[in-house]
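Accompanying notes for the structure given below.
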Amino acid sequence: MKKICLVAVITLLGAYSVYAQQNTSSKTEQAKAGLKNTMAHADYTRIFLKKIPVTDAQKPQVNKIIADYLDAKRTLSLATRKNPAAYDQQQPALFNTFKTNLGAVLTPAQMSTFLASKPAPDDDKNFLNALFY
Amino acid sequence: MKKILIYLLCISAVFSGCDRKSDLNIDGKSTDQRLSEALATYQNKLADAPYGWILTETTAGSAMNGGVSVTAPRAVFSYYMKFDKNFKVSMISDFSPPTSTVFNTSSYSIKATQRPTLVFDTYSYVHLPCDPDPSVSNSPLGGGFGWGTDFEFAFADNIAAAELGDTIHLSGNLNNAKAILVKATQEEQTIFTTTGFGAYNTFNKILTYFKRVTGGVETFEMTPGIGGRSVNIKSPSNRQLVNVACQFTARSIRFETPVTIAGQSISSLDDLVWNGGTISAKINGTAAATITPALAPIAPEPGIAQAFYNEGFDNPWLAFPGFHVNGVDDAYNILKLPYPGGNYLAFVFYPGLVNGGGGRFFDVLSPFFTGLTDTGYPYLFSGGVAFTRVASGRLVFVMLDGGDGVVNPPGLLATNTIFDTGKVAPPYGSSSQGFYIVRKENGVSYDMVTAGDALGWMTWAHP
């Protein structure tokens with residue numbers, strides 16, 4: 001009887017230890033999860049549309065449209081990382097969807113200003129490349 | 001009758017066997033007396049050394065905290081100590097430039113624990129590498145662990161205190177670090193009290209990451225080991241990195257194990273003398289040598305910058321202290337980087353934040369904080385996005401301001417300027433020279449070294 005209890009206690013302690021280890025995220029995993037959180041909650045109107053006075057009413061929708069577009073781009077990027085040509089071929093379709101969604105929220109004037117901000121393809125320092133290319 | 005006598009004898013034997021003596025007197029002395037005398041003998045051995053002691057502590061390759069053990073890089077720490085009979089000890093250490101010349105006085109005791117133990121029982125230089133705060137210990141293990149050193153040491157020679165000689169072996173009680181006390185000579189005391197750990201100071205007057213040693217059979221390169229407590233050695237003929245823990249003395253650098261370079265076995269660099277830019281030395285105490293600063297690796301690893309970048313896509317790189325700049329670890333105090341409500345965890349290099357088309361990626365190069373609700377990277381879009389490329393075997397960043405408007409603290413601004421320019425200070429060229437990526441001795445950590453001046457570096461890993 002004593003042996004049964006001892007074995008049971010050891011098993012429980014071992015299981016707890018494994019559970020504890022499985023639920024302790026590494027710092028690397030925390031960093032990855034933190035980026036997902038950041039991307040989901042960023043105010044992209046301040047980052048990409050700072051020259052366009054986006055209203056408070058438009059902001060939540062605009063931020064979601066941009067976040068979803070960046071998420072789709074990221075998925076495509078990871079799938080085509082070793083094949084930039086494949087990415088360049090498929091990205092325009094994503095951009096067109098994004099443009100349609102954005103156009104449904106922004107006014108024509110706002111949309112026109114946004115499209116005019118497209119950087120030259122070799123302008124490496126311009127973060128707007130992240131949206132247009 | 002016989003049975004009664006036998007019973008009486010047995011009972012007597014039992015009672016005499018059960019007679020418990022409360023004190024074992026040997027040579028007329030009680031246990032407590034003999035213990036006190038032994039402890040006093042240990043103390044006298046330490047305090048009676050006329051010129052003090054040199055203590056060399058070598059870690060066991062692990063560090064403990066709260067029952068958790070982690071693997072740690074091997075490290076050697078050296079001290080010059082002078083014990084007195086009032087349980088005070090005065091010391092210097094090769095832990096850092098200030099500790100290598102400024103004497104610190106603290107207290108010690110000899111205690112009877114499971115083995116007689118030397119305890120440095122008030123905070124001293126011995127405690128610095130033990131400190132769980134990485135901003136104090138400079139430990140690469142992060143918070144809680146120090147370097148795996150100790151500040152309580154059992155006397156480990158397994159001989160009576162009276163028989164101890166000029167060399168005493170110690171064993172750390174928590175981390176099992178090994179320490180050796182060697183009596184200092186009068187000459188050594190004079191050198192330590194006038195110039196401190198001269199060899200440590202002289203060697204570290206060369207501030208570049210790469211140091212070249214000429215004068216032996218082949219020129220070789222010395223670079224810092226993980227956490228700067230050992231050296232990595234490379235030569236053109238043997239491009240394999242060799243890591244060796246090293247002990248600094250008043251005038252020499254002694255390798256824990258000899259290093260063979262082009263057939264020449266090198267165990268020390270002796271008689272280091274600063275010549276205002278270079279260092280003259282003697283290999284193994286005999287062959288004249290010169291140590292000079294270098295701006296580039298002697299045997300760069302082909303393709304390493306691209307490989308480092310590619311690996312980060314699936315697995316971000318983390319660094320804990322910020323840049324080592326001009327001899328100062330975490331020069332911009334990144335370990336204490338503030339953000340309201342958040343706790344700094346690490347600096348993160350995470351390629352592939354977003355694709356910019358044409359094979360171009362924008363990457364995360366920004367500090368990560370825990371404890372925040374809607375973000376882990378509050379500074380990301382206000383200066384923490386990098387456009388990265390590989391040019392001439394080096395990683396080159398262009399730091400972008402995403403326009404988010406979050407004000408960067410001065411330490412972060414300075415760090416981002418280094419990322420942007422590849423130098424620790426002006427004058428800056430028209431374009432950045434970027435960074436050398438140097439694989440460390442464990443094969444999985446990397447130093448990112450400013451290619452513009454080799455005066456700044458940051459260590460990255462996947463913890």
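The values are calculated or read from the model by the stated rules, or taken from the named source; none is laboratory data. Note that this is a predicted model, so its numbers are computed, not measured. Note: ideal-geometry Cβ built from the backbone for every residue, glycine included; neighbour counts use all protein chains shown.
If we keep just the residues of the stretch B:235-280 that are out of contact with any helix residue (DSSP H, G or I) (no Cβ under 9 Å at 6 or more places or on another chain) and among the aliphatic types (A, V, I, L, M), which is farthest from B:Phe220 (Cα to Cα)?
Among those residues, the one meeting the criterion is B:Ala245.
Inspect the stretch B:392-409 for any residue being at the interface with another protein chain (Cβ under 7 Å from one of its Cβ atoms), touching a strand residue (DSSP E or B) at 6+ places or on another chain (Cβ under 6 Å) and over 26 Å from A:Pro121 (Cβ atoms) and give the result as yes or no. Break it down stepwise before answering.
First pass over the stretch B:392-409, keeping only residues at the interface with another protein chain (Cβ under 7 Å from one of its Cβ atoms): B:398, B:400, B:402-405.
Narrowing the set further to residues that are touching a strand residue (DSSP E or B) at 6+ places or on another chain (Cβ under 6 Å) leaves B:398, B:400, B:402.
Okay, now just the ones that are also over 26 Å from A:Pro121 (Cβ atoms), so none.
Checked the stretch B:392-409: no residue is at the interface with another protein chain (Cβ under 7 Å from one of its Cβ atoms), touching a strand residue (DSSP E or B) at 6+ places or on another chain (Cβ under 6 Å) and over 26 Å from A:Pro121 (Cβ atoms).
What strands (runs of 3 or more DSSP E) completely inside the stretch B:18-95 contain at least 3 residues that are free of Cβ contacts under 8 Å to residues at least 40 places away in the same chain and under 16 Å from B:Leu118 (Cβ atoms)?
It comes to B:88-93.
Give the stretch B:430-463 a look and list any residue that's surrounded by 22 or more Cβ atoms within 10 Å (Cβ to Cβ), assigned to a loop (DSSP other than H, G, I, E, B) and polar (S, T, N, Q), or say none.
B:Ser432 - this is the single residue of the stretch B:430-463 that is surrounded by 22 or more Cβ atoms within 10 Å (Cβ to Cβ), assigned to a loop (DSSP other than H, G, I, E, B) and polar (S, T, N, Q).
Under 8 Å by Cβ, and 6 or more places apart or on different chains, what pairs join a residue from the stretch B:195-221 that is at positive phi with one that is surrounded by fewer than 18 Cβ atoms within 10 Å (Cβ to Cβ) and of a type in the set (A, V, I, L, M, F, W, C)?
So the pair list comes out as B:Gly196/B:Val102; B:Gly215/B:Ala287; B:Gly215/B:Ala288.
Can you name every residue in the stretch A:83-125 that is outside any helix (DSSP H, G or I), closer than 30 Å to B:Ser432 by Cα and either touching a strand residue (DSSP E or B) at 6+ places or on another chain (Cβ under 6 Å) or more than 8 Å from chain B (Cβ to nearest Cβ) (or both)?
Listed by number, the residues that qualify are A:Asn83, A:Ser117, A:Lys118, A:Pro119, A:Ala120, A:Asp122, A:Asp123, A:Asp124, A:Lys125.
So, of the residues in the stretch A:44-59 that are facing chain B (nearest Cβ under 7 Å) and modelled with pLDDT of 90 or more, which turns out to be nearest to B:Asn355 (Cα to Cα)?
Among those that are facing chain B (nearest Cβ under 7 Å) and modelled with pLDDT of 90 or more, it is A:Ile47.
Within the group B:Pro427, B:Pro378, which residue is part of a loop (DSSP other than H, G, I, E, B), in contact (Cβ under 8 Å) with a residue 12 or more places away in the chain and assigned by TED's automatic domain parsing to the domain that holds B:His324?
Result: B:Pro378 is the single residue among B:Pro427, B:Pro378 that is part of a loop (DSSP other than H, G, I, E, B), in contact (Cβ under 8 Å) with a residue 12 or more places away in the chain and assigned by TED's automatic domain parsing to the domain that holds B:His324.
Among the residues of the stretch B:182-237, write down those that are aliphatic (A, V, I, L, M) and under 18 Å from the mean Cα position of the chain (by Cα).
Within the stretch B:182-237, B:Ala199, B:Leu207, B:Met222, B:Ile226, B:Val231, B:Ile233 qualify.
Going by the structure shown, is B:Pro321 buried (at least 20 other Cβ atoms within 10 Å of the Cβ), away from chain A (no Cβ under 12 Å) and within 16 Å of B:Gly411 (Cβ to Cβ)? Outline the logic, then answer.
Details: buried (at least 20 other Cβ atoms within 10 Å of the Cβ): yes; away from chain A (no Cβ under 12 Å): yes; within 16 Å of B:Gly411 (Cβ to Cβ): yes.
Yes: the conditions hold for B:Pro321.
Could you please let me know if B:Asp447 is acidic (Asp, Glu), modelled with pLDDT of 95 or more and under 17 Å from B:Pro297 (Cα atoms)? Break it down into steps so the answer makes sense when it comes.
Details: acidic (Asp, Glu): yes; modelled with pLDDT of 95 or more: yes; under 17 Å from B:Pro297 (Cα atoms): yes.
Yes, satisfied.
Quick check on the stretch B:28-61: of everything there that is β-branched (Val, Ile, Thr) and closer than 13 Å to B:Thr167 by Cα, which residue is surrounded by the fewest Cβ atoms within 10 Å (Cβ to Cβ)?
Initially, the stretch B:28-61 is screened for residues β-branched (Val, Ile, Thr), giving B:31, B:41, B:54, B:56, B:58-59.
From what's left, closer than 13 Å to B:Thr167 by Cα: B:54, B:56.
Working: B:Ile54: 21, B:Thr56: 19.
Filtering first and then ranking leaves B:Thr56.
Does A:Tyr69 count as over 15 Å from the mean Cα position of the chain (by Cα) and over 18 Å from B:Gly384 (Cβ atoms)?
So A:Tyr69 does not fit the description; no.
Report the residue count in the stretch B:347-382 for those that are on the phi > 0 side of the Ramachandran plot and at the interface with another protein chain (Cβ under 8 Å from one of its Cβ atoms). If you could, list the steps in order and put the result at the bottom.
At the first step, the residues of the stretch B:347-382 found to be on the phi > 0 side of the Ramachandran plot are B:352, B:357-359, B:371.
From what is left, the residues that are at the interface with another protein chain (Cβ under 8 Å from one of its Cβ atoms) are B:352, B:357-359.
Number satisfying all stated conditions: 4.
On the basis of being over 18 Å from B:Gly452 (Cβ atoms), surrounded by fewer than 19 Cβ atoms within 10 Å (Cβ to Cβ) and small (Gly, Ala, Ser), does B:Gly384 make the cut?
It is false that B:Gly384 is over 18 Å from B:Gly452 (Cβ atoms), surrounded by fewer than 19 Cβ atoms within 10 Å (Cβ to Cβ) and small (Gly, Ala, Ser).
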